[in-house]
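The structure appears right after this line, and notes come after that.
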Amino acid sequence: MKINALVAHDAAQPLTSGQVSLRSLQKQDVKIEILYCGVCHSDLHMARNEWAVSQYPLVPGHEIVGRVVEIGDEATHFKPGDIVGVGVMVDSCRECHFCKHHEEQYCEAGFTATYNGIDKYTGDSTWGGYAQSVIVDQHFVVSVPRNLSLAGVAPLLCAGVTVWSPLRHFNVNAGDRVGVVGLGGLGHMAVKLASAMGAEVTLFTTSPEKGEDARRLGAKQVVVSRDAAQMAACRTSLDFIIDCVAAPHDLDPYLATLKTNGRLVLVGIPDQPHDSPNITPMVFRRLSISGSSIGSIQETQEMLNFCGEHNITADIEMIGGEDIEAAFGRMLKGDVKYRFVIDMQATRW
């Protein structure tokens, strides 16, 4: 079946409208008419082959919200008309330790990415959400609370669960003092979710002008990380930090703000390694540095349910698919608050 999509044909050319073929519906599959798709910075990396793993042609997009239009013969989790979401994964081995413990994002065989992955049924590339439709195994589809703005839900499928997973895994609780480094797509969701969980949130930013917005999103304190006095004032004050910055930077100033037993979790992936941190304070105050990758399907559903209960969505700017290259250009300048979302129904193919 042919569908319209925004297609990258090589790293040097802009995305263009074209057609790709969906696989035939399998017994456990759900076919989804895509309503909205968030624009993640990784989509830009992949379209431009900046990670040197892109296979062309390529259809980006892994923050998908849509409506079920058809189900396979043995699909029982959803019915036509349901509003659902699809995130970064569309399959995994289902057999390894991590898959059996609901942590498909750490599948030992490697999960199948929503796009630029290998479809096990066809051997061809998987196609992402910059398109009219998608077909996904029901296990990798989640329910979307009906009370939420659907366009604002789309970025939750990647940005939201990426920060939710470490907050939950490391047992952040009400009353904990949580730092968030960077106020972008991930960072603004970390502020929203941590504050809704009852944590006291401190935002670290290099941009003083972001302070007002950070407080609107739920931060109790804003620290300009380039200001030595402000950084010194919050030494040994935090229990936990989520670092959302995807550029190399010095981790030592943030480690200094952690209490004994504190933990710094990295969710941003820089294009060059961070400098090695100073080990001495880590030893003497039992500090930890961890990483965390997206989130499981179970965590994604839990996060969406939490957002439904607390009326949380991403702050977005809506675009049509024909505006994607302009959006990529603005993303490179940091000119978006805080996520572009493509309105697929309004896109001119």
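The values are calculated or read from the model by the stated rules, or taken from the named source; none is laboratory data. None of these values were measured; they are calculated from a predicted model. Cβ placement follows ideal geometry from the backbone for every residue including glycine, while neighbour counts extend to all protein chains displayed. All accessible areas refer to the heavy atoms of the entire protein, side chains included, with ligands and DNA or RNA removed. Shrake-Rupley method; radii C 1.70, N 1.55, O 1.52, S 1.80 Å.
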Practice problem: Before anything else, pin down the relative contact order of the range 190-301: Cα pairs under 8 Å, at least 6 apart, normalised by residue count, whole percent. | Solution: 19
Quiz item: Looking at the square roots a ≥ b ≥ c of the eigenvalues of the Cα gyration tensor of the range 160-291, which shape do they give, rounded for a/c under 1.5, prolate if a/b is larger than b/c, or oblate?
Solution: rounded
Self-check item: Exposure of residue 102 as accessible area (Å², to 10), given a probe of 1.4 Å and all protein chains
Solution: 90
Quiz prompt | Over the range 1-154, relative contact order from alpha-carbon pairs under 8 Å, at least 6 apart, % | solution = 28
Quiz item: What figure in square angstrom, to the nearest 10, would you give for the accessible area of residue 115 with a 1.4 Å probe?
Solution: 10
Practice problem: For every helix of n ≥ 4 consecutive DSSP H residues, a contribution of -39,500 (n - 2.57) applies; sum these over the chain, divide by its total residues, and give [θ] at 222 nm rounded to the nearest 500 deg cm²/dmol. | Solution: -6500 deg cm²/dmol
Quiz item: Could you give the nm distance between label points at residue 349 and residue 173, where each point is 7 Å from its Cα heading toward the beta carbon?
Solution: 5.2
Quiz item: Along the charge dipole of the range 1-112, which of 61, 88, 110 sits closest to the positive end, that is, farthest toward it, with unit charges on the beta carbon of Lys, Arg, Asp and Glu (+1, +1, -1, -1)?
Solution: 61
Quiz prompt | Distance between the range 160-180 and the range 3-81 - C-alpha centres, whole angstrom | solution = 29
Quiz item: Taking the simple approach of a point 7 Å from Cα along Cα-to-Cβ for both residue 226 and residue 1, what is their distance in nm?
Solution: 5.1
Exercise. With a probe of 1.4 Å, find how much accessible area the chain has per residue, and write the answer as a whole number in Å².
Key: 43
Quiz prompt | Heavy-atom accessible surface of the range 160-291: percent carbon and sulfur, 1.4 Å | solution = 49
Quiz item: So if we plug the beta-carbon distance of residue 332 and residue 235 into 1/(1 + (r/R0)^6) with R0 = 30 Å, what FRET efficiency do we get, rounded to 0.05?
Solution: 0.30
Quiz prompt | For peptides 145-155, 192-202, 69-79, 268-278, sequence by mean Cβ density within 10 Å, most packed first | solution = 192-202, 145-155, 69-79, 268-278
Practice problem: Taking the Cα centre of the range 160-291 as origin, sum charge times position over the Cβ atoms of Lys and Arg (+1) and Asp and Glu (-1), and report the length of that vector in debye to the nearest 20. | Solution: 440
Exercise. Using only Cα atoms, tell me the angle between helix 297-310 and the longest principal axis of the chain; keep it within 0 to 90° and round to the nearest 10.
Key: 70
Quiz prompt | Nearest-20 debye value, the range 1-67 charge dipole, Cβ charges on Lys, Arg, Asp, Glu | solution = 320
Quiz prompt | Full-stretch length increase - residue 96, residue 269 - with 0.36 nm per residue and alpha-carbon distance subtracted | solution = 59.7 nm
Quiz prompt | Segment residue 309-residue 73, length gained on full extension (0.36 nm per residue, minus Cα span) | solution = 81.7 nm
Quiz item: Dipole size in debye (nearest 20) for the chain around its Cα centre, Lys and Arg Cβ +1, Asp and Glu Cβ -1?
Solution: 720
Quiz item: What do you reckon, how do 62, 169 stack up by accessible area (1.4 Å probe), largest on top?
Solution: 169, 62
Quiz item: residue 289 to residue 260: extension gain in nm, 0.36 nm per residue of separation minus the Cα-Cα distance?
Solution: 9.2 nm
Self-check item: R0 of 25 Å, Cβ-Cβ distance residue 9-residue 121: FRET efficiency to nearest 0.05
Solution: 0.55
Quiz item: Roughly what angle does helix 159-169 make with the longest principal axis of the chain, taking Cα atoms, 0 to 90 degrees, to the nearest 10?
Solution: 60
